[in-house]
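Data first, discussion second: the structure below is written as structure tokens.
What follows draws every value from the coordinates through simple rules; no lab data is involved. The structure presented is a predicted model; accordingly, all values stated were derived computationally and were not measured. Note that each Cβ is placed from the backbone with ideal geometry, even for glycine, and that neighbours are counted across all protein chains shown.
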């Protein structure tokens with residue numbers, strides 16, 4: 001460790017890996033599937049309190065948030081959006097630094113693919129296994145450990161440090177919008193998504209869509225008398241594939257190009273027909289369309305609709321029976337912060353001083369809550385957290401406990417520096 005003051009060294013030394021393991025195991029044990037985050041938020045609020053934070057919980061009614069003009073959509077029905085915030089430092093200073101994370105997780109999937117049940121956390125060889133361990137309860141616990149270290153080292157901050165945990169990131173980010181509307185925004189923010197302790201300064205977005213294609217039914221023995229809705233998906237799919245190639249080849253932002261495929265288009269679910277001996281007269285396909293950095297969700301939707309419309313216009317049947325396009329579920333805008341922004345560079349320098357190596361600045365091909373803090377909370381935000389993002393949503397999801405501790409040490413020093421008098 002270089003360039004650390006005695007007070008910063010004290011905060012780094014106060015990060016307790018054994019306590020990290022206990023905290024992470026406790027929160028992973030709660031199966032906080034999207035839409036069912038109330039119980040884990042109670043657990044986290046309790047752990048914030050015992051760490052010496054001043055804790056608030058706000059349960060924002062879902063109906064109230066759904067009427068917000070910036071509502072990003074949801075895929076899971078709920079009554080409320082439970083938001084928890086823990087504070088330390090000088091709340092009257094007008095200066096704020098936020099460490100934020102979501103507490104919802106996806107389902108465990110086929111338990112036969114796991115070596116242990118997904119919601120029974122297991123520690124082996126310094127790794128903690130369990131659904132949500134990597135995405136992203138490890139990041140939440142790293143933030144908690146950083147804040148606890150500052151309290152135990154009796155660090156005096158020149159502003160307010162806020163640990164913010166939100167629901168509903170996986171299905172659109174409504175939980176973060178609820179937090180913003182409750183006043184938990186402003187200053188600068190780090191979202192501790194799994195990034196392998198690299199700094200994500202730009203991220204793609206995504207919209208989900210449903211295509212409906214009409215055909216004409218006929219007996220399968222006389223299929224030429226009908227028009228297969230399955231076959232009519234093909235020209236639309238070809239057009240979407242060509243559009244995917246063009247929009248990815250046109251990307252000029254190096255960090256996004258380095259992802260390989262920053263803006264994928266994917267059809268994830270298809271259903272058609274009612275009988276194996278009938279020509280299917282209707283097909284429904286559900287998919288995902290990337291939102292380019294610098295492109296709004298509305299612009300991405302317009303581009304998608306144009307591609308489908310052009311494909312239909314070039315096909316004799318689809319010209320008269322055009323495919324329907326509906327935007328459904330969550331709407332993830334893209335987001336970016338400049339690499340030389342004080343937030344990005346200040347965090348990078350802190351990571352170098354604490355861990356001995358300057359992290360990379362990366363782009364990622366998926367959406368996260370950063371775009372909500374940037375666009376609707378006027379809060380510059382980057383992603384930085386423990387864990388390999390390739391393990392998110394996978395069987396045997398896990399995180400190295402030492403990486404959680406390393407992240408906590410960086411966050412503790414970063415908070416001290418960004419809130420220095």
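Antiparallel beta bridges, as assigned by DSSP with both residues in the chain, represent about 70 percent of the total such bridges.
Relative contact order (percent) for the chain, with alpha-carbon contacts under 8 angstrom and 6 or more residues of separation?
Reported as a whole number, the value is 26 percent.
On the beta carbon distance between residue 115 and residue 16, with R0 = 22 Å, the FRET formula returns roughly 0.20. What the Cα convex hull of the stretch 120-241 gives, in volume per residue, is 245 Å³.
When only alpha carbons are used to place a centre, the stretch 77-112 and the stretch 119-159 end up 13 Å from one another.
Using C-alpha pairs below 8 Å separated by at least 6 residues, the relative contact order for the stretch 205-332 is 43 percent. Per-residue Cβ neighbour counts within 10 Å put 416, 136, 1 in the sequence 1, 416, 136, beginning with the fewest. The orientation-averaged shadow of the Cα convex hull for the stretch 205-332, equal to a quarter of the hull surface, comes to 8.2 nm². Subtracting the Cα-Cα distance of residue 71 and residue 352 from 0.36 nm times their residue separation leaves 97.4 nm of extension gain. In terms of surrounding Cβ atoms within a 10 Å radius of their Cβ, 209, 119 rank from fewest to most as 119, 209. Once the Kirkwood radius over Cα pairs is known for the stretch 192-275, the Stokes-Einstein relation at 4 °C and 1.567 mPa s delivers a diffusion coefficient of 80 µm²/s. Cut-off is 10 Å between beta-carbons; in what order do 366, 384, 184 appear when sorted fewest neighbours first? The fewest-first ordering by Cβ neighbours comes to 366, 184, 384. Protection proxy ranking, highest mean first, for peptides 367-376, 342-351: 367-376, 342-351, where packing is the per-residue count of other beta-carbon atoms within 10 Å, averaged. Comparing Cα centroids, the stretch 219-239 and the stretch 330-400 end up 44 angstrom apart. The alpha-carbon atoms of the stretch 106-167, seen along their principal axes, cover 51, 28, 12 angstrom, with the largest extent given first. Assuming 1.002 mPa s and 20 °C, estimate D for the stretch 260-364 with Stokes-Einstein, Rh taken as the Kirkwood radius over Cα pairs, in µm²/s. Result for D is 121 µm²/s. Max-minus-min Cα coordinates of the chain on each principal axis give 82, 43, 42 Å, with the largest extent listed first.
Summarising the overall dimensions of the stretch 1-123 from its C-alpha atoms, the Rg and Dmax are 18.1, 53 angstrom.
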